[in-house]
Amino acid sequence: MIKLIVCKDYEEASDKAAEIVLDVVKKKPDCTLGLATGSSPVGLYQRMIRDHEENGTSYKDVKSYNLDEYVGLEVSHPESYYSFMHRNLFDHIDIKEENVHLPSSQGDDLQKNCDLYNAALAQTQVDLQVLGIGSNGHIGFNEPFTPFDSVTHIVDLKQSTINDNARFFDNDVSKVPTQAITMGISNVMAARKIVLIASGANKVDAIYKTICGPVSEEVPASVLQQHPDVTVIVDEAAASLLPKEKVKVEILNTEVFDDVVREGTVLVDFFANWCGPCKMLSPVLEQLAQQYAGKIRFYKVDCDADQGLAQRFGVTSIPNVVILKDGQLFDRSIGYASKDQLVAFLENAL
Ligand code: F6R
């Protein structure tokens, strides 16, 4: 479930992110933080440093695990993520060096480094994971089409990522490393809580797809829709493609069913909370509800809570989508319907 916070600008977004992170650190002084590099969390880190200096919030028992590290840069290189984290955060708070973890990209056996990082993560519960997002929807360096069940691995960076990151390397793409080691998507999803920060117009497409798009490996961040506690904090520029007011797909029950569906074209999704495919269908329906707002109304029926409606429509498997026109059954899908199939149903019903 993604909670979206739209802020005026990057400064306000960093304030909000800091509120969430500091709340976790203050409530649990020995918490484990998952940390990100790049421009997005810099404002957050500045606020953590300021709070440490002014209010004395201590990190002496905090542990941190970073998402990723470039391959091919010495640890001491100013743009290694090790250097970045020390320059932007670690050197200014009282976190202990032995509690700081980044994947190591040094030595000849990078796979072994990945295995070691995975082993360490397997023994750790990250309380809060901070994320940025790539313009192509990557999280960590999990580029499009990285399997959702991936763990820490070596990755070839996409050209779009290399181009985006050239700004840290004198705008010279030839200086940007072409490989990195990154936590996998399943490592990221294992965190108790996730905060993603995005700002600027070049994130607009990735943010739209993350929040409104189908959950798909093509857009790695879309997997966050399946995490129970994610807050996405965006500035207005990054939010500009998001629907101003999200059309809600409401839950229907037997009492109001006849009144509500008497007129017009209505799509009803029969679902259950424990059903994986139902959860995958949910964001697709949300997106279609936006797209067809004013033409078709969308509802959901919780089959466990309201078995009467499920029986009335002969729903024996879920998810099951029914289209009604003026109260009468018009069309239906049996089982999971893809977005394309649903669009075909809807177009046919219009
Ligand atoms: C960094 C990382 C990346 C960045 C992303 C956005 O550790 O994992 O996913 O968060 O590339 O980078 P910025 O914030 O520089 O736009």
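Tabulated results
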| read-out | value |
| --- | --- |
| Strands (runs of 3 or more DSSP E) wholly inside region 7-88 that include at least 3 residues being of a type in the set (Val, Ile, Thr) and surrounded by 15 or more Cβ atoms within 10 Å (Cβ to Cβ) | none |
| Residue check, Leu242 among the hydrophobic types (A, V, I, L, M, F, W, C), in contact (Cβ under 8 Å) with a residue 12 or more places away in the chain and either exposed (fewer than 13 other Cβ atoms within 10 Å of the Cβ) or in a loop (DSSP other than H, G, I, E, B) (or both) | yes |
| Of residues in region 147-158 being assigned to a strand (DSSP E or B) and under 22 Å from Lys203 (Cα atoms), the one nearest to the chain's Cα centre (by Cα) | Val155 |
| Selected residue (criterion: nearest to Ala337 (Cα to Cα)) from residues of region 269-281 that are in a helix (DSSP H, G or I) and either touching a His at 6+ places or on another chain (Cβ under 9 Å) or touching a residue at least 40 places away in the same chain (Cβ under 8 Å) (or both) | Leu281 |
| Qualifying residue in region 102-119 (condition: modelled with pLDDT of 95 or more, away from the ligand (no atom under 15 Å from the Cβ) and surrounded by 19 or more Cβ atoms within 10 Å (Cβ to Cβ)) | yes |
| Out of Val322, Val343, Val315, Val301, sole residue that is under 16 Å from Gln287 (Cα atoms), surrounded by 15 or more Cβ atoms within 10 Å (Cβ to Cβ) and in contact (Cβ under 8 Å) with a residue 12 or more places away in the chain | Val343 |
| Per-region count, region 123-146, residues under 14 Å from the mean Cα position of the chain (by Cα), under 21 Å from Val100 (Cβ atoms) and in a loop (DSSP other than H, G, I, E, B) | 3 |
| Any pair with Cβ under 7 angstrom, 6 or more apart, that starts in region 189-216 at a residue that is free of Cβ contacts under 8 Å to residues at least 24 places away in the same chain and ends at one that is away from the ligand (no atom under 12 Å from the Cβ) | Ser216/Ser222 |
| Residue among Pro220, Pro228, Pro214 that is under 20 Å from Phe148 (Cα atoms), within 12 Å of the ligand (Cβ to nearest atom) and not hydrophobic (A, V, I, L, M, F, W, C) | Pro220 |
| Any pair with Cβ under 6 angstrom, 6 or more apart, that starts in region 127-152 at a residue that is more than 12 Å from the ligand (Cβ to nearest atom) and ends at one that is part of a loop (DSSP other than H, G, I, E, B) and aliphatic (A, V, I, L, M) | Thr152/Met183 |
| Residue, surrounded by the most Cβ atoms within 10 Å (Cβ to Cβ), within region 161-181, restricted to residues that are more than 12 Å from the ligand (Cβ to nearest atom) and free of Cβ contacts under 8 Å to residues at least 12 places away in the same chain | Lys175 |
| Of all residues making up region 182-200, the number that are hydrophobic (A, V, I, L, M, F, W, C) and within 11 Å of the ligand (Cβ to nearest atom) | 5 |
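The values are calculated or read from the model by the stated rules, or taken from the named source; none is laboratory data. Quick caveat: nothing in here was measured; it's all calculated off a predicted structure. Cβ coordinates were reconstructed from backbone atoms using ideal geometry, including for glycine residues, and neighbour counts include every protein chain displayed.
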